[in-house]
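Worksheet: one structure, shown below.
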Amino acid sequence: MGKISRRDFLKQAGLASAGLMVGGLGLSNKSYANVKGANNKVRVAVIGLNGRGKNHIAAYMKVPDCEVVTLCDVDMNVARERQADFKKTYGKDVAIVQDFRKVLEDPNVDAVSLATPNHWHALQTVWACQAGKDVYVEKPATHNVWEGRKIIEAAYKYNRIVQNGVQLRSSEAIREAVQHLRDGLIGRVYMSRGLVYRWRPDIGDQGISAVPEGLDYDMWTGPAPMRPFTRNLVHYNWHWHWNYGNGDVGNQGIHETDLCMWGLGVDTLPEKITSMGGKFLWDDCKEVPEVQTSIYHYPKEKKIIQFEVRNWCTNLEDGAGVGNIFYGDKGYMVIKGYDTYETYFGQNREPGPKRTAGGDHFKNFVDAIRARDMKIQNGPVETCHLSSALAHLGNIAYRVDRVLTFDPIAETFIGDEDANRMLTRVYREPYSMPETI
């Protein structure tokens, strides 16, 4: 699969096909611009309500000319709880739905906001685009590398606004920081480091149990292999199992992998990848490493990315326990969290420009919907692929336990079929990513 630049994609932004169908779902493609008046509200359905979805609800209800009209979760216990919270907080009733496909059929929903587990993100995004819905998709937007191009194809074919949940890109301070890197403030930038030092305790092993009443476990499992129900997965610890999550590099880490590439100014995947780590702390049921260091090399650009995951007691690297550090030949820049940067220069680390300022990533998404303009997005669909794929490549290198050579044009590993098989997955019917979007 060849590399396609953002510029090339933007030339295709007019490729919308009204009336196309979603698999066997029979969903028509209708543009918000065609069915809504300019002064009407953008109507959003939030899908996935147990964790991050709660933040989605609150964020949209603060955006002018926007409202949450539907809440959807495979666990009706969670859905009813959020419905009650919504009524208490906003004094309004809101619909609840268990099967998200019903949301896609609803002409009163303009956009969906996905806070579901990672293994569902890409397929739900593609189906929503085909149904004529705009999409905000949480990070990582994909569960494997192959899915990224499918999301991009869907966004441009159906002329949908697809916003990646990398909210650092809407922070005024971080946007200023990246411009400083472009302008040479710290000199020639040759290396970036992404850091995720999160406190992740022993989760034990809760074994097999009956599916709780109210949970559609088949739908929760979706495209992943079916296995007996266990509370080791539902509702959060799926992050630490390969069939559903991608470890912390593919969780919190997507914010940082995205910023590593954005700040370095690279818009392709690397040519050399290696990763090492393991489980050194807990004898629990996590499959992913607790400690992991990945290195991504861009030999032609003479640039390198280092990414570190630590899950317990650690120092905070100039305060960037979750953040990034960029290195130039004149100094370095520290990104702390989502809205702060600091700079230091020379051998004595003399302080330079710094700033703290946030932004509203959800409002940027709604603004792009109303304008029908991908160019004003801060988290464009291309970042769905690249930021997630960088994490996936590191995980693949960790799992095969060797240095990998990657072709960033074809987006395949060179001479390594074991690694290439991990670029995609076997999908469980009927939850399959279509070959042709």
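Bear in mind these aren't lab numbers, they're just calculated from the coordinates by the rules spelled out. Remember, it's a predicted structure, so these values are computed and weren't measured experimentally. Virtual Cβ from ideal backbone geometry, glycine too; neighbours counted across all protein chains shown.
Things worth noting here:
- Square roots of 5 times each gyration tensor eigenvalue, C-alpha, the chain, largest first, Å: 33, 26, 22
- Using a Förster distance of 25 Å, the FRET efficiency for residue 274-residue 315 (Cβ separation, nearest 0.05): 0.60
- Cα long-axis angle, helix 361-371 against the chain (0 to 90 degrees, to the nearest 10): 60
- Residue with peak Gaussian network fluctuation, the chain [Cα springs, cutoff 10 Å], from 426, 78, 69: 426
- When shorter helices are ignored and each DSSP H run of at least 4 residues is given -39500 (n - 2.57), the per-residue value for the chain at 222 nm works out to -8500 deg cm²/dmol.
- Alpha-carbon centroid distance for the pair the range 44-106 / the range 144-192, whole angstrom: 27
- Over the range 190-342, the Kirkwood radius and the radius of gyration, each from Cα atoms, give a ratio Rg/Rh of 1.05.
- Label sites at residue 349 and residue 427, each approximated as a point 7 angstrom past Cα along Cα to Cβ, lie 4.9 nm apart.
- Extent along principal axes [Cα atoms of the range 170-238; Å; largest to smallest]: 58, 26, 21
- Column: log10 I(q)/I(0), Debye, Cα scatterers of the range 113-239, q = 0.09, 0.18 Å⁻¹: -0.41, -1.10
- For 413, 406, the sequence from fewest to most other C-beta atoms within 10 Å is 413, 406.
- Linear extension gain, residue 302 paired with residue 410, 0.36 nm per residue minus alpha-carbon span: 36.8 nm
- Cα-derived Rg to Rh of the range 322-380, Kirkwood definition: 1.18
- Across the chain, the relative contact order, built from alpha-carbon pairs under 8 Å that are at least six residues apart, equals 21 percent.
- Using the Cβ-Cβ distance between residue 208 and residue 436 with R0 = 51 Å, the FRET efficiency computed as 1/(1 + (r/R0)^6) comes to roughly 0.85.
- In summary, the aspartates and glutamates within cross-link reach of residue 133, defined as a Cα separation below 13 angstrom excluding same-chain residues under 8 places away, comprise 105, 106, 110.
- With distances taken between every two different alpha-carbon atoms, the range 206-245 has a Kirkwood hydrodynamic radius of 10.5 Å.
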